[in-house]
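This report refers to the structure that appears directly beneath it.
Derivation of every value follows stated rules applied to the coordinates shown; laboratory data play no part. Note that the structure is a prediction, hence the values are computed from the model and not measured. So basically every Cβ, Gly included, is an ideal-geometry build from the backbone, and we count neighbours across all protein chains shown.
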Amino acid sequence: MGIDEAFIAALVDRFYASIRDDAELGPIFAARVNEWPKHLAQMNRFWQSILLSAGNFSGNPMMKHLAIPGLDQHHFDRWLRLFYAALRDLAPTPAAIDHIGAKARMIAESLLSGIWIHRDRDAALAKKVELPHV
């Protein structure tokens, strides 16, 4: 599918450049990311682990997201829209878009479910998480 470390680095760079410029998500990241090169390197390792089974990521994304007050579904919707825009610009094949997009959506839905369960204490899980495939 053409997914390699160089592609992942380009995707991470393009995506987070759009995040920083985004009126809604930019301030959330700006308040938490002090060293962008360090954050981008961490996100590269995260996506390499997800897409290449590299196993070089260590961290706890759930705890990081739980610590952000007010983070909710509309933020994840926006995150996915920006992610898909970067992905469509750079992906080498339609199969790569489908594969990586599905992984991103699954991660976002998992994080949002965790927020609803752990932060919001929605034990009944009355809401099913279904973020858009954009």
(message) As a test of the formula, what do you get for the chain when each DSSP H run with n ≥ 4 contributes -39,500 (n - 2.57) and the sum is divided by the residue count, at 222 nm and rounded to the nearest 500 deg cm²/dmol?
(response) -20000 deg cm²/dmol
(message) Loop only by DSSP, 15 or fewer other Cβ within 10 Å of the Cβ. Give me the chymotrypsin sites (Phe, Trp or Tyr not before Pro) in the range 52-121 that pass, ordered by residue number.
(response) 57
(request) Would you mind computing, in nm to one decimal, how far apart the modelled labels at residue 6 and residue 110 are, each placed 7 Å from Cα along Cα→Cβ? (result) 2.9 nm
(message) Just to check I understand the Karplus step: with θ = phi - 60° and J = 6.51 cos²θ - 1.76 cosθ + 1.60, what whole-Hz values come out for the range 13-30, glycine and proline as x?
(response) 4, 5, 4, 6, 5, 5, 4, 4, 8, 7, 5, 8, 8, x, x, 5, 5, 4
(request) Please sort by residue number the trypsin sites (Lys or Arg not before Pro) in the range 59-125 whose DSSP state is loop and whose Cβ has at most 16 other Cβ atoms within 10 Å. (result) 121
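For a test of the definition: using alpha carbon positions, the gyration tensor, and the 1.5 limit on a/c, classify the chain as rounded, prolate or oblate. Before the final figure, lay out the partial values.
On the way: a/c = 1.58, a/b = 1.35, b/c = 1.17.
Prolate is the answer for the chain, as a/c is 1.5 or above and a/b outweighs b/c.
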(request) State to the nearest 20 debye the size of the charge dipole of the chain about its Cα centre, where the only charges are +1 on K and R beta carbons and -1 on D and E beta carbons. (result) 260 debye
(message) For the range 5-119, what does the relative contact order come out to in percent, with C-alpha contacts under 8 Å and a separation of six or more?
(response) 31 percent
